[in-house]
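Each remark here refers to the structure printed beneath this line.
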Amino acid sequence: MSNRNYSRYASTKIINDGTKLLNGLRSPIDTTLQTDDVYYTVRENDRIDNLAYKYFGRADLWWVIADYNSLSFPLVLDLGSILRLPSNHHLLMDLLK
């Protein structure tokens, strides 16, 4: 874009989740602990997008793993850390809301 004032956030909507205002394109998903959550131990060379593809069939759902694990910088996964992932059933329910 040639316009220096362009921002990818210019057209985002403000979301009120009942407790705070969020500037974004989506409401937060429910990350409440579920009995069918899956746990994964991070191995060498793991990437969050590859894990999303492996477990959800879509690499672009990496943000779900980040949300479920409160990862503010998900590009670096700590070797040996345990990640909690939603079951496909709960993931689908969250995405359909």
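The values are calculated or read from the model by the stated rules, or taken from the named source; none is laboratory data. This structure is a prediction, so every number in the text was calculated from the model and none was measured. Note that we place each Cβ from the backbone using ideal geometry, even for glycine, and neighbour counts take in every protein chain shown.
Answer with yes or no whether SER2 is assigned to a loop (DSSP other than H, G, I, E, B) and either at pLDDT below 85 or touching a Leu at 6+ places or on another chain (Cβ under 7 Å) (or both).
Values: assigned to a loop (DSSP other than H, G, I, E, B): yes; either at pLDDT below 85 or touching a Leu at 6+ places or on another chain (Cβ under 7 Å) (or both): yes.
In short, yes.
Given LEU51, LEU77, which one is over 20 Å from LEU33 (Cα atoms) and of a type in the set (A, V, I, L, M)? Give the derivation first.
On the way: LEU51 fails: over 20 Å from LEU33 (Cα atoms).
So the residue among LEU51, LEU77 that is over 20 Å from LEU33 (Cα atoms) and of a type in the set (A, V, I, L, M) is LEU77.
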